[in-house]
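Worksheet: the structure to be examined is printed underneath.
The values are calculated or read from the model by the stated rules, or taken from the named source; none is laboratory data. Source: prediction; values computed, not measured. Positions of Cβ are backbone-derived with ideal geometry, glycine not excepted, and every protein chain shown enters the neighbour counts. Calculation scope for accessible area: heavy atoms of the full protein, side chains included, ligands and nucleic acids excluded. Shrake-Rupley method; radii C 1.70, N 1.55, O 1.52, S 1.80 Å.
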Amino acid sequence: MSTIDYSEKIPNNVDLANDRTLQRALEHWQPRFLEWWKELGPNDFANSDVYLRTAVGVDAQGWAHYGTVKMPDYRWGIFLADPIADRTIGFGDSFGQPVWRQVPGEFRSQFRRLIVTQGDTEPASVEQQHRLGHTCPSLYDLRNLFQINVEEGRHLWAMVYILHAYFGRDGREEAEELLARHSGDVDKPRILGTFNEPIEDWLSFFCFCYFTDRDGKFQLKSLAESSFDPLARTCRFMLTEEAHHMFVGETGLGRIVRRTLGVMKEVGNEGPEAIRRRGAVDLPLLQRYLNFWFSSSLDLFGSEVSSNAATTFANGIKGRPDETTQYQDHVCADSSFEIEVPDGKGGVITDTSPMRNAMNEVLRDAYIRDCEIGLKRWNMQIKRAGYNFELKLPSNRFRRAIGAWANIPTDLEGRPIGREEYDRSLPGWLPSASDRDYVKSLMQRVVEPGKMAAWIAPPERGVNNLPVDYEYVRLN
Ligand SMILES: [Fe+2]
Ligand SMILES: [Fe+2]
């Protein structure tokens, strides 16, 4: 196992000390990163002592150290998973050949685009969550928010390292741009739509962690298969950190459901008004938030049929998640994939696409299956409590802005409907202005150790075996 050198200005396990030019370039970027963090990171909490984990090794067992730090002193570093000996290319036209230690010239721009797009999402999410700390439902949740924020900051470092180390001047320029674009900025927005959506309340935050961060998980999983080995190793380690973000989303939403069920029992009424009078989140309201974030996140996978997807797969740039274990055919030169598309007359037809061109859809399908897991769990809670309500993911055709279903009005089940009916129904399907106002009214900060806001149940356990009422953040 390689250990991380913390005596360096930039902690790393890539032997940065022996590459002076690269080290200098990154040390030049470092203060800009810190400036960005100060301006757009967790607002006003620079003096708080936060109980955070920091990577100390890159192996699966005991890779993290837990301790109290002030966020600006967090040791953002460059950590690659250990190399796999004699690793060979796992998919595409060069299947079975040795992996690459450098970027082949002919694939340079494709790689750069993918790395920049991934890199752009990392600081974007920190910017989106910039003000959430002020309305935290508990210190436990506040700490989780900050943990995610510092790790997304580190993921930015992970991508910036690859850009600096392997893309020369272009890479350095892209690294600057990653700090110049900002979430929601009119002139210089972040690259992908969902990463420009404001996250102004914690219900949106948990939905974001559940749905949007999970897109990140799938993108990272497919880049972890890449033939360009340093990229694969970077992404593999990022996934270790990413698992916690999924956990925060899933347990956050699960705790909201638990609290709502408790209130439903107490008041003996399931009606949204009765639930809202007690300051909890009624299940139909939660459903509308799920509809919003799920449909927005689906677009992140791109078009169902894409020549770009075909090229990146053929060239060994981006594979499928769990390529080795989940698939038999790693070349996919003559297989096909069936896709349901609009027929242009208000109906649906089945189209057949070469498998390679349908890779975005393959990825999106795997993502949707992963999204179902949490819903099953929450629905089980609801059923066990004796209620007849089911949370559902809308159809992957609903409210799409990219791909074959872009701007085609459908209902939640994906049935094409008229534009008028769609416009009329949409307020019942997505959070309305009054829903958002109500959720906003719930966002009162709770910072007494162990106390929870009225709309969310306490977690089952605390962080790293500490009790739930541990003072995870000292606000100072
Ligand atoms: Fe990330
Ligand atoms: Fe994440």
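Residues that are open to solvent by 60 Å² or more (accessible area, probe 1.4 Å) and in a loop (DSSP other than H, G, I, E, B) occur in the range 412-427; there is at least one. Residue count for the range 429-463 under the criterion of being within 23 Å of residue 278 (Cβ to Cβ) and outside any loop (DSSP other than H, G, I, E, B): the result is 10.
The residues of the range 170-207 that are over 19 Å from residue 433 (Cβ atoms), of a type in the set (Ser, Thr, Tyr) and at pLDDT 95 or above amount to a single one, 183. Residue check: residue 273 meets all listed conditions (1) open to solvent by 30 Å² or more (accessible area, probe 1.4 Å); (2) in a helix (DSSP H, G or I); (3) in contact with a helix residue (DSSP H, G or I) (Cβ under 8 Å, 6 or more places away or on another chain); (4) more than 27 Å from residue 158 (Cα to Cα) but one, namely (3). Give the residue, chosen from 281, 248, that is more than 15 Å from ligand 1 (Cβ to nearest atom), out of contact with any strand residue (DSSP E or B) (no Cβ under 8 Å at 6 or more places or on another chain), modelled with pLDDT of 95 or more and open to solvent by less than 10 Å² (accessible area, probe 1.4 Å). From the options 281, 248, the qualifying one is 281. Give the residues of the range 18-65 that are touching a residue at least 60 places away in the same chain (Cβ under 8 Å), under 22 Å from residue 471 (Cβ atoms), surrounded by 13 or more Cβ atoms within 10 Å (Cβ to Cβ) and not β-branched (Val, Ile, Thr), sorted by residue number. Hits for the range 18-65 are 41, 42, 43, 45, 48, 49, 51, 52, 53.
For the range 144-173, the set of residues classified as over 21 Å from the mean Cα position of the chain (by Cα) and open to solvent by 10 Å² or more (accessible area, probe 1.4 Å) consists of 164, 165, 166, 168, 169, 170, 172, 173, listed by residue number. Taking the numbered list (1) modelled with pLDDT of 95 or more; (2) open to solvent by 20 Å² or more (accessible area, probe 1.4 Å) in turn, residue 344 passes all entries but (1). Among the residues of the range 122-143, the ones that are within 16 Å of ligand 1 (Cβ to nearest atom), out of contact with any Gly (no Cβ under 6 Å at 6 or more places or on another chain) and part of a helix (DSSP H, G or I) come to 6 in all.
Any residue at all in the range 158-168 that's under 23 Å from residue 65 (Cα atoms), of a type in the set (A, V, I, L, M) and within 16 Å of ligand 2 (Cβ to nearest atom)? Looking through the range 158-168, at least one residue is under 23 Å from residue 65 (Cα atoms), of a type in the set (A, V, I, L, M) and within 16 Å of ligand 2 (Cβ to nearest atom). In the range 294-333, the qualifying residues are those that are acidic (Asp, Glu) and open to solvent by 50 Å² or more (accessible area, probe 1.4 Å), and the one that is modelled with the lowest pLDDT is 322. Restricted to the range 221-245, and to residues there that are touching a Cys at 6+ places or on another chain (Cβ under 7 Å) and assigned to a helix (DSSP H, G or I), the residue that is farthest from ligand 1 (Cβ to nearest atom) is 223. Would a scan of the range 201-209 turn up a residue that is open to solvent by 10 Å² or more (accessible area, probe 1.4 Å) and not acidic (Asp, Glu)? No, every residue in the range 201-209 fails to be open to solvent by 10 Å² or more (accessible area, probe 1.4 Å) and not acidic (Asp, Glu). Among the residues making up the range 70-92, those that are open to solvent by 40 Å² or more (accessible area, probe 1.4 Å) and either within 22 Å of residue 27 (Cβ to Cβ) or small (Gly, Ala, Ser) (or both) are 70, 72, 73, 75, 85. Taken over the range 376-410, the criterion of being among the hydrophobic types (A, V, I, L, M, F, W, C), out of contact with any helix residue (DSSP H, G or I) (no Cβ under 8 Å at 6 or more places or on another chain) and either within 18 Å of residue 347 (Cα to Cα) or open to solvent by less than 70 Å² (accessible area, probe 1.4 Å) (or both) is satisfied by 404, 405, 406, 408.
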